[in-house]
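First the structure, in the form of structure tokens, and then the observations on it.
Only the coordinates and a few stated rules stand behind these numbers; no lab work does. What you are looking at is a predicted structure, and each value in this text was computed from that prediction instead of being measured. Every residue, glycine as well, gets a Cβ built from its backbone with ideal geometry; the counts of neighbours run over all protein chains shown.
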Amino acid sequence: MESFHHDVMLDKIIPENMKVNVRDIVKMEFTKGKFWVYTKDGEVHSVPIKDVAKYARNPCHHCCDYTSVFADISVGSVGAPDGWNSVFIRTEIGEKYFDKVRDEMEIMEDPKPGLELVGKLIEMKRKNNAEHFLEVCKEFSFETGIRNETV
């Protein structure tokens with residue numbers, strides 16, 4: 001639920017928190033509540049996101065928009081099995097552009113853990129940022145794009 005500046009990851013989190021040389025990294029990912037780093041020697045290193053959340057970009061501590069509700073299309077790995085992505089198409093424009101690549105993609109109709117997990121994380125994001133969220137809701141109203149839920 002957080003986003004980190006590239007330099008913070010490379011200069012702080014990876015070398016200081018994870019004790020990994022950034023030159024040895026072959027892959028990085030955020031999954032299952034952790035930040036994972038894979039190195040050339042086959043080692044796997046991880047740190048719980050909650051332990052490095054303090055280094056997240058400042059807006060992440062105030063934002064209530066977990067799935068980019070104003071985007072025509074948003075893509076992310078949350079709610080999808082390993083190696084897959086969840087795709088949320090919210091507008092006709094988004095549908096138009098997705099249709100251009102639809103035939104080239106393998107689509108899983110009912111992924112697990114699926115929308116239930118995404119919904120839980122939306123609620124967690126709102127709860128953790130409730131004060132700011134309520135402030136925003138006084139000013140705006142918008143659809144989340146999931147199950148026709150209106151905020």
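How far apart, in nm, are two points set 7 Å out from the Cα along the Cα-to-Cβ line at M124 and at F30?
1.2 nm
Skipping prolines and chain starts, which residues have an amide H placed within reach, meaning under 5 Å, of the one on K34, given they are 5 or more residues away or on another chain?
I49
With label points built 7 Å along Cα→Cβ from the Cα atoms of V87 and D7, find their separation and express it in nm.
3.6 nm
Give me the percent relative contact order of the stretch 6-56, please, defined on Cα pairs under 8 angstrom at least 6 residues apart. Before the final figure, lay out each step's value.
On the way: 54 pairs, mean separation 13.3, N = 51.
Once divided by the residue count of the stretch 6-56, the mean separation gives 26 percent.
Assign one of three labels to the stretch 73-139, namely rounded, prolate or oblate, based on the Cα gyration tensor with a ≥ b ≥ c the square roots of its eigenvalues; rounded applies when a/c is under 1.5, prolate when it is not and a/b is larger than b/c, and oblate otherwise.
Details: a/c = 3.73, a/b = 1.61, b/c = 2.31.
Judged from the Cα gyration tensor, the stretch 73-139 comes out oblate (a/c at least 1.5, b/c at or above a/b).
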